[in-house]
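Readers should treat all values here as calculations from the given coordinates under stated rules, not as data from a laboratory. Nothing here was measured: the structure is a model prediction, and the numbers come from that model. Don't worry about glycine lacking a Cβ; one is built from the backbone with ideal geometry, like all the others, and counts go over all protein chains shown.
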Amino acid sequence: MRFGVVTFPGSNCDYDAYAALKRVLCAPVEFLWHGDSDLKDVDCVILPGGFSFGDYLRPGAIARFSPVMKSVIRFAETGGLVWGICNGFQVLLEAELIPGAILRNESLRFACQWVRLRVDSNRTPYTRGTRPGDILRMPVAHADGAYYADDETLMDLETSGQVVFRYVNAEGIPDEKSNPNGSRRSIAGISNREGNVLGMMPHPERAVEPILGSEDGLTLFKSLLGTTATGVDSPLRKRVVSDRGV
């Protein structure tokens with residue numbers, strides 16, 4: 001599997017994602033510049049954390065209109081794997097590849113801390129190496145991280161299995177204290193209905209080595225690599241590839 005990490009003006013976790021893939025996992029990876037439209041035949045696009053375009057207007061609002069995003073949207077709509085982390089999650093929401101919005105943290109303070117995530121769905125390529133109920137430990141770093149959706153959208157996300165991660169305590173139970181930003185229903189990450197697009201606020205790329213304090217982020221990266229190794233792919237991707245006769 002070949003990865004592409006998009007760099008927007010203001011990205012600051014693009015090198016973290018690149019290092020996790022290149023140095024820790026020895027996976028093929030290259031940078032994708034926001035002003036280009038060529039995705040260079042990668043199998044998975046990562047939209048990294050940071051402050052794209054200075055978070056002017058609102059986080060992700062300007063980056064969503066970068067030339068590369070036209071290609072990313074087409075790629076996602078044909079079943080390509082797209083992973084938005086922190087600011088990348090915000091970009092995905094602005095691009096309407098996943099539903100909902102991100103609001104300012106309930107505390108009105110920048111949250112920089114370790115959190116526990118409970119895996120609620122292992123039906124995505126990013127979580128196939130996990131079991132529902134598994135708890136992963138990784139950091140968050142954001143001022144705008146509170147996931148919001150109206151009640152109807154939340155119900156649809158729940159019933160369709162699109163809630164992938166929740167903030168939880170040590171016992172695996174969501175509560176106010178373990179929620180770092182006031183996200184509705186303690187949601188930390190969601191997917192689109194097909195499962196090929198994942199957005200999450202915590203940083204798995206910052207939890208890939210013991211020296212960093214956790215290796216739990218590797219679980220998600222290895223799930224993706226295992227997806228290719230076992231030939232697992234999204235139904236949408238299979239259909240499109242078949243139609244093209246590839």
(request) Hand me the GluC sites (Glu not before Pro) from the stretch 173-215 located in a DSSP loop with no more than 10 other Cβ atoms within 10 Å, in residue order please. (result) Glu176
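Counting other C-beta atoms within 10 Å, and keeping those with at most 13, which DSSP coil trypsin sites (Lys or Arg not before Pro) do you find in the stretch 143-216?
Lys177
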(message) List the GluC sites (Glu not before Pro) within the stretch 71-150 that DSSP assigns to loop and that have no more than 13 neighbouring Cβ atoms inside 10 Å.
(response) Glu96
(request) Calculate how many DSSP beta bridges within the chain are antiparallel, expressed in % of all such bridges and rounded to the nearest 5. (result) 60 percent
(request) Any chance you could get the radius of gyration and Dmax over the Cα atoms of the stretch 3-244, in Å? (result) 16.3, 50
(request) Please find the FRET efficiency linking Ser107 to Glu30, where r is the Cβ-Cβ separation and R0 is fixed at 35 Å, and quote it to the nearest 0.05. (result) 0.40
(message) Compute a Gaussian network model of the chain, connecting alpha carbons closer than 10 Å, and tell me which residue from Ile190, Ile211, Ile173 fluctuates the most.
(response) Ile211
(request) Output the relative contact order of the stretch 80-133, whole-number percent, from Cα pairs under 8 angstrom with separation of 6+ residues. (result) 17 percent
(message) Can you give the local net charge around Gly50? Use residues other than it whose beta-carbon is closer than 15 angstrom to its beta-carbon, Lys and Arg +1, Asp and Glu -1.
(response) -3
(message) Under 5 Å between amide hydrogens, which residues at least 5 positions from Val29 or on another chain qualify, with H placed 1.01 Å from N in the peptide plane?
(response) Phe3
(request) Would you mind calculating the gained length between Ser160 and Asp41 on full extension (0.36 nm times residue separation, minus the Cα-Cα distance), in nm to one decimal? (result) 39.8 nm
(request) Per DSSP H run of n ≥ 4, the term is -39500 (n - 2.57); total these for the chain, divide by its residue number, and report the mean residue ellipticity at 222 nm rounded to 500 deg cm²/dmol. (result) -6500 deg cm²/dmol
(message) Could you work out the pair-distance distribution P(r) of the stretch 31-133 from its alpha-carbon pairs, with 5 angstrom bin width and percents rounded to whole numbers?
(response) 2, 11, 19, 23, 18, 14, 10, 2, 0
